[in-house]
Amino acid sequence: MNAKEIIQAFPQPEGKILRNIDKDACERAVEQILAGGKKTLRELVDLIVEPGRGVDVQARHALHSTAIRVGGPGKTKARKAFSTSLAETLSDDRPNAVKGFILRQLQVCAGPEEGGKIAPFLTNPEDHLYEYAAQALEAMGPSTVSHFRKAYPKASGAPRLTIIQGLGVHRDDDSREVFRKAAKAKDLETRLAGLWGLMRIASAEDADLLLAQSAKEKGWGRIKATAYCMELAESLSNKGRKKEARAIYEEIRKTRKADQEDYLRESADRELARLK
Amino acid sequence: MKKIPCATTRRSFLTKSATGATAATILPRHVLGAPHVPPSEKFGTALIGCGGRGPGTYSGLCKGLEVELVGACDVDLNRAQRFSNARSKGKAEVYQDFRKLLERKDLDLVAIATPPHWHASISIACAEAGMDVLCEKPMTRFVAEGRAVVNAFKRYGRIFQIGTFGRFGRSRDKGYVLKHKIMSSGLLKDCQAVRMKKGGLKVKQWSGTPGIPPQTVPDQLDWDMYCGPSPWKPYESRRVTGTHRGYWDYEGGGMCDMGQHHYDPEQWTYAKDHTSPVEITPYAPPSHPEVTGMWAWVELKYADGFKFVMESGEWGPAYDRQPVRDVSMDDLSKEDQEKIKSMPDPEPLLSFGEAVKQRKQAGGHPEAAHRAACILHLANLAIRLGRKLNYDPDKEVFLNDEEANRFLNPPMSAPWRV
C-alpha cells in the first residue's frame, strides 16, 4: 500500500472535529508506515502541503502519530531509523510551512544525531523556521548546544535572540562571553536574554554585572533583571556558595529603596535570615 | 494615567503585615471594616485577558476587598476597552501588552484570564513585580511551568489563588473532611480506592478543528503577542475566543477546561495536594498534532495505591480494569478509627480576599493548584503518547521515557521563558 492509501485510516473532520476515529485502524496504519520505511515516509511527507493550499489533515495526523508511536522505552533502533529518514526530507524543495511542520515532528522523536540536519534552520528568519529548529534542538538535550554556538555569529534579529535563549536553556558555560555581550545590548529583550543566560549558568563572577544592570533598568527590564538576580542568588545558595548569595541579597536590600520595592527587601531579608 | 494616592502605603501594608510587623499601625480602614473607605485605601487592581471568563475572574478577585480598577489588558484592544468602560467608566487605562501594565506603581492585585498558555509567564511576572494573583484555571499549559509559578510566589511572598473554588465547600463538609483525615493520616496502607469521574470533561465540545486555512489577522489583535510563549502558527479565528481550548498550543481540550474544577477539590479531599500520580494508563487513539480529540479513559495511580479514573463517556470503551470504590472508616482497624476520630479538623481554607488581608496562603495555593493541573497534564500526555507512563512526583519527570519527558517542559518561544 502506498502512503495515500494508508492514511485513509485516519479521520477527516466530521461536524468540524475528529469524532469518528478508529483506534485500531490508526495504530495499524502507523505500523504500515514504519514497515514501509524510507519510501513510504517520503510519500507521506509529500502529501503535506502549505496551510490553505489543500487538505492534508490525514497526512499530518498520520505523520505525527508515527513520530509519537515510534518513541518510548525500548524503541531506540526504530526511532532512530524513522527520525533519520524524516530529517532527510528537510533538504528537499518544500514550502517553509511544511519544513516547519517536519521540524516540529523531529522535536518529538529525533535524537541529537539529527541535529546537523536541523541546525541550518537556526539562522533562517523566514516563517519562524529558526524558532521551530531551536525548539527541536532544545528538546533533544544539552548535546545539541554546539549547533547554537556555531549559529550564533551568523545570526541576527529574532533568530539571534532565540539562539541566545537556546544557549541559556542548555546552561552553556562556554557561552559566558555571549551572555555578557548580550547583557549590554541596546535591545531590552536581548539584554534580558543575556542576563538570564548568566543566571542559568549560575555565574558568581557575573553577579556584579547582573546587579548593576538590574539597577540601571527601568520598568519591565528592572522587574525581570532583578528577578534574575534573585534566582542567581538562589542557585548559588543551593550550590553552597552562601557568601556570594548573601552578597546579592544584601545588595538588593540596600538598593531597592522605593516603597514599591519593599517586597524585594523583604524577600532578600527572608533569604538572608535563612543563610545565617 | 490614573494614579491612586498613597499606593506605597498600601504596598507597605501588603508586605509588612505578611511578617506581622506593626500591622495595627498601618492597617487600612477597610480592613478594620470601616463603612467609608477613602480611595487611598483601596487596592489597585487589573484584569489581564478581558474576554470570556475575564469579567467573572475579576469579580472573584474583588470579593471582600475594596478595590479600584486601574488597568485592563488584552491582546485584543477592543475587549480591554469594553471592560474598562463597563467596570470603571473608561477610567482604567487600557493595555495590549501586560509588561507595560505591570510597570504601574499603583497596582496591587491582578486577575489573569488569558488562555492558559499565558497563565504561568504572566503569573510569575506579577509575583516578580510584587503583586498578588487570582488566575483562571487551568493553572498552566505544561508541568514545568507550574513548578516555576510555585517557586516564584514562594520567592516573593505573594498570594496566588487558582480560579476554582470547590475545595472550599468540601473543607466545610463533614463527610469530605472525614475522608481527608483518613487519607492524610497515613494510616491507610495499600489503598484500594478508585474514584471515577465519568463524563463532564467536554471532550467533543472542546475538540479542535484541524485544517482551517490561515486568515487575515484582525486589526485590533496583536497575534504575535497572543502566540507568545507557544509556537507561532498562522492566525485562524478558532485559535482565539474560547475555541482556543481545542488546540494543544494553548490549552488541553475539555480535560484542562473542566478538569481543574473537578480534581482540585478531589485532590484536597484525598490529601494529594503535595504529590502526583506515579502511573498513568490511557486508552486513546492517536492524537492529531494541532487539535485535541477523542479518548476513552485514563487511570492515574498514586504511590499509596489510590486511583483517579477519568472516563470520557463520549468515545470508546468504558473503563473496566477495577470496580469503583471510595475510602471509608471500614478500611481501618478499630484502633486506627479511634485515632481518626481524635484528629483535629483541618485549618479552614482562606479565600483570596482573606489571604490578601492576612498575608497567609490561600486555599487554592500555588502548590495545590500545580498538583491539580498536573493530574490533567499527565492524563493528556498519556492520551497523546498512547502508552503507560511512570512518573516521579518529587523530581516531576517520567521514568525511562526520554521522549515523554520532552512534553513536560517543552521549549518556549523567545523572549518568553520560565
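The values are calculated or read from the model by the stated rules, or taken from the named source; none is laboratory data. The structure displayed is predicted, hence computed values, not measured ones. Here Cβ is always computed from backbone atoms with ideal geometry, including for glycine, and neighbour counts include all displayed protein chains.
Which residue pairs have Cβ atoms closer than 6 Å, lie 6 or more positions apart in sequence or on different chains, and pair a first residue in the stretch B:269-280 that is within 15 Å of residue B:143 (Cβ to Cβ) with a second residue that is part of a loop (DSSP other than H, G, I, E, B)?
B:275/B:393; B:276/B:393; B:277/B:302; B:278/B:303
Here is a check on your reading of the model: is residue B:313 on the phi > 0 side of the Ramachandran plot and either of a type outside the set (S, T, N, Q) or under 20 Å from the mean Cα position of the chain (by Cα) (or both)?
yes
Within the set of pairs 6 or more residues apart or between chains, which connect a residue that is under 14 Å from residue B:155 (Cβ atoms) and within 8 Å of chain B (Cβ to nearest Cβ) inside the stretch A:258-275 to a residue that is acidic (Asp, Glu) and part of a helix (DSSP H, G or I) with Cβ atoms less than 9 Å apart?
none
Could you pull out the residue among B:242, B:228, B:199 that is more than 9 Å from every other protein chain (Cβ to nearest Cβ), within 26 Å of the chain's Cα centre (by Cα) and modelled with pLDDT under 95?
The match here is B:242.
Out of B:395, B:360, I need the residue that is of a type in the set (D, E, K, R), in a loop (DSSP other than H, G, I, E, B) and closer than 20 Å to residue B:145 by Cα. Which one?
Just a single option satisfies the conditions, and that option is B:395.
Tell me, which residue of the stretch A:11-31 that is facing chain B (nearest Cβ under 8 Å) and in contact (Cβ under 8 Å) with a residue 12 or more places away in the chain is farthest from the chain's Cα centre (by Cα)?
So the residue we want is A:22.
Does the stretch A:163-173 include one or more residues that are over 21 Å from residue B:144 (Cα atoms) and away from chain B (no Cβ under 11 Å)?
yes
Kindly list the number of the only condition in (1) buried (at least 17 other Cβ atoms within 10 Å of the Cβ); (2) at pLDDT 95 or above that fails for residue B:188.
Of everything listed in (1) buried (at least 17 other Cβ atoms within 10 Å of the Cβ); (2) at pLDDT 95 or above, residue B:188 misses just condition (2).
With the requirement that a residue be within 22 Å of residue B:285 (Cβ to Cβ) and more than 9 Å from chain B (Cβ to nearest Cβ), what does the stretch A:46-57 give you?
Scanning the stretch A:46-57 gives A:47, A:48.
Which condition number does residue A:160 fail, the rest of (1) over 17 Å from the mean Cα position of the chain (by Cα); (2) charged (D, E, K, R); (3) over 20 Å from residue A:235 (Cα atoms) being met?
(1)
Restricting attention to the stretch B:291-311, which residues are crowded, with 23+ Cβ neighbours inside 10 Å and either facing chain A (nearest Cβ under 8 Å) or part of a loop (DSSP other than H, G, I, E, B) (or both)?
Correct list: B:291, B:292, B:293, B:294, B:295.
Of the conditions (1) without any contact (Cβ under 8 Å) to a residue 24 or more places away in the chain; (2) over 25 Å from the mean Cα position of the chain (by Cα), residue B:192 fails just one. Which one is it?
In the conditions (1) without any contact (Cβ under 8 Å) to a residue 24 or more places away in the chain; (2) over 25 Å from the mean Cα position of the chain (by Cα), residue B:192 misses (1) alone.
With (1) aliphatic (A, V, I, L, M); (2) under 18 Å from residue B:392 (Cα atoms); (3) in a loop (DSSP other than H, G, I, E, B) as the list, and residue B:280 as the residue in question, which single condition is left unmet?
If we test residue B:280 against (1) aliphatic (A, V, I, L, M); (2) under 18 Å from residue B:392 (Cα atoms); (3) in a loop (DSSP other than H, G, I, E, B), just (3) comes out false.
Restricting attention to the stretch B:360-410, which residues are among the basic types (Lys, Arg) and within 17 Å of residue B:138 (Cβ to Cβ)?
Answer for the stretch B:360-410, where residues must be among the basic types (Lys, Arg) and within 17 Å of residue B:138 (Cβ to Cβ): B:371, B:384.
Taking residue B:201 as the residue in question, decide whether it is hydrophobic (A, V, I, L, M, F, W, C), touching a strand residue (DSSP E or B) at 6+ places or on another chain (Cβ under 7 Å) and either on the phi > 0 side of the Ramachandran plot or not assigned by TED's automatic domain parsing to the domain that holds residue B:313 (or both).
So residue B:201 does not fit the description; no.
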